[in-house]
1. Which of (1) of a type in the set (S, T, N, Q); (2) modelled with pLDDT of 95 or more; (3) in a helix (DSSP H, G or I) is the odd one out, the single condition residue 279 does not satisfy?
2. Only residues in the stretch 252-275 that are over 22 Å from residue 411 (Cβ atoms) and in the same structural domain as residue 240 (by TED's automatic domain parsing) count as the first member; pair them with residues that are surrounded by fewer than 19 Cβ atoms within 10 Å (Cβ to Cβ) and among the charged types (D, E, K, R), Cβ under 6 angstrom, at least 6 apart or cross-chain, and list the lot.
3. Can you find even one residue in the stretch 91-113 that is among the aromatic types (Phe, Trp, Tyr), in contact with a Leu (Cβ under 8 Å, 6 or more places away or on another chain) and surrounded by 10 or more Cβ atoms within 10 Å (Cβ to Cβ)?
4. Does the stretch 359-368 hold any residues that are touching a residue at least 24 places away in the same chain (Cβ under 8 Å) and over 12 Å from residue 302 (Cβ atoms), and which are they?
5. With the checklist (1) in contact with a helix residue (DSSP H, G or I) (Cβ under 8 Å, 6 or more places away or on another chain); (2) assigned to a helix (DSSP H, G or I); (3) in the same structural domain as residue 301 (by TED's automatic domain parsing) in hand, flag the one item residue 427 doesn't pass.
6. Scan the stretch 306-337 for residues that are among the acidic types (Asp, Glu) and modelled with pLDDT of 95 or more and jot them down.
7. Of the conditions (1) in a helix (DSSP H, G or I); (2) closer than 22 Å to residue 277 by Cβ; (3) under 32 Å from the mean Cα position of the chain (by Cα), residue 351 satisfies every one except a single condition; which number is it?
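The values are calculated or read from the model by the stated rules, or taken from the named source; none is laboratory data. What you see is a predicted model; the values in this text were computed from it and never measured. Backbone-built Cβ (ideal geometry, glycine too); neighbour counts: all protein chains shown.
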Amino acid sequence: MTPDKKKVAELESEIVFLKALVQQLMQEIERLKHPKNSRNSSVPPSKDENRPLKTKSLRSSDGKSPGGQKGHEGNTLKMVENPDHIVEHKPAFCNHCGKDLSNATTELSKCRQVVDIPPIMPQYTEHRVYRTVCTCGHHTESAFPAGINAPVSYGSNVEATIAYMHTRQFIPFKRMSEYFSDVCNLPISQGAICDILERFAQKALPAWLLISNEVENSKVIGSDETGAKVNGKKAWFWTWQSRLATFIAFSGNRGTNTINANFENGFKDAVLVHDCWKSHFETKVMTHQLCTAHLLRELKFFEERYQSKWANLFKKLLCDALQLKKNLSPSEYYYPIHQRTQLEQRLMVLLQTQIPEHMKEVCSFHKRMNKYKDYIFTFLFHPEVPPDNNASERAIRNIKVKQKVSGQFKTQRGAEIYAIIRSITDTCIKNNQNVLSAFHTIAKLVPE
């Protein structure tokens with residue numbers, strides 16, 4: 001090969017390389033121009049770049065004005081019929097002539113009340129056992145009540161309050177210790193708080209298992225998982241929840257081992273609602289429902305990134321299905337109806353449509369929808385099945401709030417304790433029960 005031909009070959013090879021590089025850089029520029037964020041994907045808001053002051057909701061207007069609606073009952077501070085203390089303010093003299101009125105007859109004109117909290121002082125209860133000698137000469141000594149094992153210990157009210165502040169109010173140990181010292185005049189160390197939570201979790205364990213059993217026997221179950229730091233290492237919290245129960249478990253992995261460890265038999269008679277994470281498809285269930293909220297966020301990203309008309313049509317299809325869900329009567333779920341059949345036909349057309357190769361993420365979504373097409377409209381065949389997994393998202397979000405406040409869990413056992421107590425907290429809320437009252441009931445139990 002002559003030097004000229006060799007030079008030409010080198011330049012042609014370089015041109016091919018540069019063209020490929022330019023194409024790759026152009027794709028990267030397009031990706032950076034339309035990044036994934038919390039509005040158009042499942043990326044959490046904390047990871048948004050140039051996070052906007054106000055996020056854009058996927059919800060459309062329902063026509064209602066903001067704020068309390070007409071007929072909504074307000075809630076204001078009310079006076080009580082029998083106040084604890086009464087302070088009478090009678091006139092001592094006439095503010096016109098100055099005459100003494102201390103012995104004059106008066107009548108009640110107006111009254112106002114002030115509600116306050118009295119200073120909190122700890123109460124100490126001393127348990128005493130006695131020994132006596134029988135006429136037969138035998139020495140008999142009485143016994144302490146069950147649970148009174150140490151010379152001095154914290155009572156059930158303290159125990160319930162610590163569990164409540166830890167899991168419901170997300171208060172870290174150090175601030176909790178400060179609260180008891182400054183407000184309750186009761187010094188409690190962080191180590192003591194840790195021991196109290198361990199004792200409470202042991203008492204709460206039977207209730208946690210009952211919640212697990214309630215979820216396992218439900219007909220509709222939502223599931224989700226989220227990462228959390230434990231002593232600097234990545235771990236996972238899982239939730240499985242139904243209409244009346246929320247079960248939360250801690251695990252070191254995000255795979256099927258966690259599912260099998262908590263629900264070995266799966267949910268054979270239930271519909272499992274989730275965000276399409278692959279491990280959920282290995283759960284033994286009757287069928288699945290993909291979270292439409294996740295799908296809509298992905299489609300929104302495809303519209304922004306690729307200006308995809310296909311994504312727009314798929315988004316319109318899901319919105320029409322959600323509207324149909326609102327209009328269906330209970331009996332229509334179990335019989336063929338024209339609107340639902342039309343939606344299924346539109347879905348099949350979209351799934352058979354060819355996606356341009358350069359829209360790689362849309363192609364991947366298209367392939368996934370074809371694989372799981374039977375789980376997109378499950379909510380249109382079961383009245384109790386929701387179209388989204390928002391309830392599970394709400395259940396698992398509390399883990400993120402706790403981590404945001406405290407930074408991380410120091411130990412694996414601490415994470416397990418939080419999962420147990422938080423399960424009871426969320427289940428109480430779902431059943432309109434007072435969380436602190438429920439904790440008082442648990443704290444009074446005697447550990448086995």
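1. (2)
2. These pairs meet every condition: 256/282; 266/284; 268/284; 270/219.
3. yes
4. 368
5. Here residue 427 meets the rest and fails (3).
6. Matches in the stretch 306-337: 320 only.
7. Residue 351 satisfies every listed condition except (3).
Here is a yes/no grid of residues against (1) surrounded by fewer than 20 Cβ atoms within 10 Å (Cβ to Cβ); (2) within 30 Å of residue 436 (Cβ to Cβ):
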residue: 326; (1), (2): yes, no
residue: 346; (1), (2): yes, no
residue: 365; (1), (2): no, no
residue: 371; (1), (2): yes, no
residue: 384; (1), (2): yes, no
residue: 401; (1), (2): yes, yes
